[in-house]
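S.K.: Below you'll find the structure I mean.
The values are calculated or read from the model by the stated rules, or taken from the named source; none is laboratory data. Computed from a predicted structure; not experimentally measured. Cβ: placed from backbone, ideal geometry, glycine included. Neighbour counts: every protein chain shown. The protein model used for the area step is the full one, side chains on, heavy atoms only, and it has no ligands, DNA or RNA in it. Shrake-Rupley method; radii C 1.70, N 1.55, O 1.52, S 1.80 Å.
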Amino acid sequence: MTIEGFFDPSFKYLDQGDSNTVDKGNQTAEVTVTTIAKQIVASIGATIYFDKWTGSAWVQVGSQTVSASNKMLFNGYAVFGTVSGYYYRARTVHWVSNNGTYEQGNYTSNTILAK
């Protein structure tokens with residue numbers, strides 16, 4: 001699977017974001033996210049959608065939102081359960097909210113094989 005993302009360059013506040021998925025062992029995976037704004041914003045964060053490959057399709061098996069206030073750079077993470085032998089990835093929606101404006105961009109992380 002290809003890592004991919006889209007962030008509209010015309011956004012006023014949201015600059016970019018990305019995510020990375022790591023197998024942590026013991027049937028868990030950690031997804032780390034980074035969201036970057038063009039200036040300090042009222043709210044910044046990401047919603048993480050955790051997917052498992054069934055052999056024919058990606059199926060969402062979990063989600064979590066992580067966020068902070070009054071920052072320009074946000075780093076966060078979430079931990080999800082896995083089943084050995086399956087592939088997993090994260091789809092992340094990176095967002096900012098400031099002065100009544102909400103902007104979001106999408107990113108798809110690397111794929112891991114759970115051990």
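S.K.: Could you check the range 1-53 for strands (runs of 3 or more DSSP E) lying wholly inside it with 2 or more residues that are under 15 Å from ALA114 (Cβ atoms)? So that I can check it myself, show each step before the final result.
M.R.: Details: elements: 4-6, 14-25, 28-53.
Filter on the range 1-53 gives 14-25, 28-53.
S.K.: Please enumerate the residues belonging to the range 70-115 that are assigned to a strand (DSSP E or B), open to solvent by 40 Å² or more (accessible area, probe 1.4 Å) and closer than 15 Å to THR32 by Cα.
M.R.: The answer is LEU73, ASN75, TYR77, VAL79, GLY81, ARG91, ASN106, TYR107.
S.K.: Still on this structure, please answer the following. Can you pull out the residues in the range 96-110 that are of a type in the set (Phe, Trp, Tyr) and farther than 22 Å from VAL61 by Cβ? So that I can check it myself, show each step before the final result.
M.R.: Looking only at the range 96-110, we keep the residues that are of a type in the set (Phe, Trp, Tyr), and these are 102, 107.
Passing the criteria: only TYR102.
S.K.: Every residue in the range 36-56 that is closer than 26 Å to PRO9 by Cα and either open to solvent by 80 Å² or more (accessible area, probe 1.4 Å) or in contact (Cβ under 8 Å) with a residue 60 or more places away in the chain (or both), please.
M.R.: ALA37, LYS38, GLN39, ILE40
S.K.: Would you point out which residue out of VAL59, VAL33 is open to solvent by less than 40 Å² (accessible area, probe 1.4 Å) and either modelled with pLDDT of 95 or more or not β-branched (Val, Ile, Thr) (or both)? Break it down stepwise before answering.
M.R.: Numbers: VAL59 fails: open to solvent by less than 40 Å² (accessible area, probe 1.4 Å).
Matching residue, one of VAL59, VAL33: VAL33.
S.K.: Pick from the range 3-30 the residues that are without any contact (Cβ under 8 Å) to a residue 24 or more places away in the chain and not charged (D, E, K, R): which of them is surrounded by the most Cβ atoms within 10 Å (Cβ to Cβ)?
M.R.: Our first condition is that a residue be without any contact (Cβ under 8 Å) to a residue 24 or more places away in the chain; within the range 3-30, this holds for 9-10, 15, 26.
Okay, now just the ones that are also not charged (D, E, K, R), so 9-10, 26.
Details: PRO9: 6, SER10: 6, ASN26: 8.
If we take residues in the range 3-30 being without any contact (Cβ under 8 Å) to a residue 24 or more places away in the chain and not charged (D, E, K, R), then ASN26 is surrounded by the most Cβ atoms within 10 Å (Cβ to Cβ).
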